[in-house]
């Protein structure tokens with residue numbers, strides 16, 4: 001069953017009041033109905049005082065297998081995920097070309113030896129400068145940090161730090 005979720009939408013106050021008055025059996029049934037009507041686990045959990053975690057609410061939904069759609073509020077359609085699903089806000093990474101990945105893999109161990117006082121003509125300094133240029137070029141075409149790190153054989157943090165030093 002595909003659910004369209006009501007993102008960042010709190011339950012109506014009348015529903016909050018009702019949930020806080022119900023006995024355990026009716027509560028589980030009502031939570032199950034709300035969940036299948038499109039309300040998120042967090043919006044249902046936040047209706048309680050103190051708020052319940054999403055995992056607790058999910059356990060309640062899973063415990064109740066009876067599904068009698070009664071009179072549950074339906075989330076406002078303006079806050080639902082579009083029918084065609086979640087839309088990415090960030091572009092999909094085109095990935096690192098194979099030739100560039102090989103260059104990064106060869107440059108990374110040498111560039112790791114670079115320090116601020118390393119002579120500019122040394123192998124580590126040259127490798128560091130080349131790696132910086134490759135990373136700058138890849139980021140200009142929206143290649144993800146994770147893809148660059150994977151290609152270079154280094155950690156995500158190492159590439160993130162290098163990018164922040166480059167001012168990208």
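None of the figures in this text is laboratory data; all of them are computed from the coordinates on show. Only a predicted model underlies this, so the values are computations on that prediction, with no experimental measurement involved. Ideal geometry is used to build each Cβ from the backbone, glycine not excepted, and the neighbour counts take in all protein chains shown.
Below are the figures for this structure:
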{"quantity": "Extended-chain gain in nm, criterion 0.36 nm per residue less alpha-carbon gap, residue 98 and residue 123", "calculated": "6.7 nm"}
{"quantity": "Exposure proxy order (Cβ contacts within 10 Å, fewest to most) of 44, 126, 134", "calculated": "126, 134, 44"}
{"quantity": "Paramagnetic reach from residue 63 in region 16-35 [backbone N under 16 Å; point 7 Å along Cα→Cβ]", "calculated": "19-35"}
{"quantity": "Spherically averaged projected area of region 115-168 from its Cα convex hull (nm²)", "calculated": "3.7 nm²"}
